[in-house]
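Bear in mind these aren't lab numbers, they're just calculated from the coordinates by the rules spelled out. Note that this is a predicted model, so its numbers are computed, not measured. Don't worry about glycine lacking a Cβ; one is built from the backbone with ideal geometry, like all the others, and counts go over all protein chains shown.
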Amino acid sequence: MITERNLFAASEEKEHLTKYVDKCYNNPIYYQIQARIYLIAKA
């Protein structure tokens, strides 16, 4: 069952992802740095 709290969390997550995607789209260097951080964290 979806509660108001879940909807609020989903809304915050969407906002965070939107900002992240915008940063990566507008600044390729930021995307490359984030990709490296992801690969290092996954290793």
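Tell me the angle of helix 4-26 to the major Cα principal axis of the chain, expressed in degrees between 0 and 90 and rounded to the nearest ten.
20 degrees
So for the chain, what are the equivalent ellipsoid semi-axes in whole Å, largest first, each being the square root of 5 times an eigenvalue of the Cα gyration tensor?
Those come to 28, 15, 5 Å.
Name the residue from 35, 3, 16 whose Cα lies farthest towards the positive end of the charge dipole of the chain, charges +1 on Cβ of Lys and Arg and -1 on Cβ of Asp and Glu.
35
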